[in-house]
Amino acid sequence: MFRLYAQRFGKPRWGDKRPAYLRNLPMLLRMFPDAQIVNIIRDGRDCVASLKEAPWSSADIGDHITSWARSADASLRAARRYAPDTYYTVRYEDLVADPESHLRKLCRFLGEDYDPAMARPDSVACLAVPEYKTWHTRTHQSVTTERVRSWQQRLTTTEIERCEAVFGTRLSRFGYEQSTFATPTTADRVDRVRIATCDRLAPCGAWPTTYGRWCATGAANPSSLPG
């Protein structure tokens, strides 16, 4: 299927993005030994704000907080486990602020030539993003920084405090500053323990894009750049 997708766009390689990939990296790398993993990390508060508004997502904000916390943990584990030529991380905020610079670095990791079209995903969105995916509407627009730190307007004070209390040091480990320093509630502490326990029993992942060298890696999918 991926090879056919790549052929449709005349590309020699294919790429795919799925939320659950990171928790299955050992299996994926057994299937595709030459695969390269690209993980786009984003401020957890912005992720929670976006998930809260998604038409298909859970109505419980706690689910979104847990999801990002476990994803952050999985990202850190993968960075420790895999070699620099296999696993690559870029922050969403850095990517949208300076697309060309970071895409050139990404291309060096992938061993591909940079093309200016890579910084214009909106030019192929009409072909690659189905109309029913209304939550990817921004892929039809130019890359922008307007959603960076939008959690300040999209989350309530209580939601922000809850995010930061559960995330703990995860935010700072990825270069994000806390805005509040409220004392974690008993429920927050329970969430922290639950997340740590779940990770030990069944590690969960982030939002990476897996690139396979053994067959074609497809045309750049604009949905791979979060909106």
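Could you give every pair whose Cβ atoms fall below 7 Å, whose first residue belongs to segment 90-105 and is surrounded by 14 or more Cβ atoms within 10 Å (Cβ to Cβ), and whose second residue is assigned to a strand (DSSP E or B) and β-branched (V, I, T), counting only separations of at least 6 or pairs across chains?
Filtered contacts from segment 90-105: V90/I40; R91/I41; Y92/I40; Y92/I41; L95/I40; H102/V90.
Residue check: is S150 open to solvent by less than 80 Å² (accessible area, probe 1.4 Å), of a type in the set (S, T, Y) and either in contact with a Phe, Trp or Tyr (Cβ under 6 Å, 6 or more places away or on another chain) or under 20 Å from P55 (Cβ atoms) (or both)?
yes
Exactly one of these conditions fails for T158: (1) among the β-branched types (V, I, T); (2) in contact with a Pro (Cβ under 8 Å, 6 or more places away or on another chain); (3) not in a loop (DSSP other than H, G, I, E, B). Give me its number.
(2)
Can you find a residue that is modelled with pLDDT of 70 or more, crowded, with 16+ Cβ neighbours inside 10 Å, in a loop (DSSP other than H, G, I, E, B) and of a type in the set (S, T, Y) anywhere in segment 168-176?
yes
Among the residues of segment 23-43, which ones are under 28 Å from E177 (Cβ atoms) and open to solvent by less than 10 Å² (accessible area, probe 1.4 Å)?
Within segment 23-43, I37, V38, N39, I41, D43 meet the criteria.
Open to solvent by 70 Å² or more (accessible area, probe 1.4 Å), in contact with a helix residue (DSSP H, G or I) (Cβ under 6 Å, 6 or more places away or on another chain) and more than 23 Å from A35 (Cα to Cα): does that describe H136?
No: the conditions fail for H136.
Please state which one of A72, A78, A54, A20 is in contact with a Lys or Arg (Cβ under 9 Å, 6 or more places away or on another chain) and closer than 27 Å to R194 by Cβ.
One residue alone meets the criteria, A72.
When you go through (1) open to solvent by less than 60 Å² (accessible area, probe 1.4 Å); (2) touching a His at 6+ places or on another chain (Cβ under 8 Å); (3) assigned to a helix (DSSP H, G or I) one by one for F109, which number turns out not to apply?
(2)
Could you list, in sequence order, the residues of segment 46-64 that are open to solvent by 30 Å² or more (accessible area, probe 1.4 Å), in contact (Cβ under 8 Å) with a residue 60 or more places away in the chain, within 16 Å of T137 (Cβ to Cβ) and not acidic (D, E)?
Scanning segment 46-64 gives S50, P55, W56.
Report, by residue number, each residue of segment 127-155 that is assigned to a helix (DSSP H, G or I) and more than 30 Å from Y5 (Cβ to Cβ).
Listed by number, the residues that qualify are W151, Q152, Q153, R154.
Given the residues S57, S71, S50, S67, which is the only one that is within 18 Å of the chain's Cα centre (by Cα) and in a loop (DSSP other than H, G, I, E, B)?
After ruling out the rest, the residue left standing is S57.
The values are calculated or read from the model by the stated rules, or taken from the named source; none is laboratory data. Predicted model, so just to flag it, every value in this text is computed and none were measured. Glycine gets a Cβ as well: all are built from the backbone with ideal geometry, and neighbour counts include every protein chain shown. Keep in mind that these areas ignore ligands, DNA and RNA; they rest on the heavy atoms of the full protein, side chains included. Shrake-Rupley method; radii C 1.70, N 1.55, O 1.52, S 1.80 Å.
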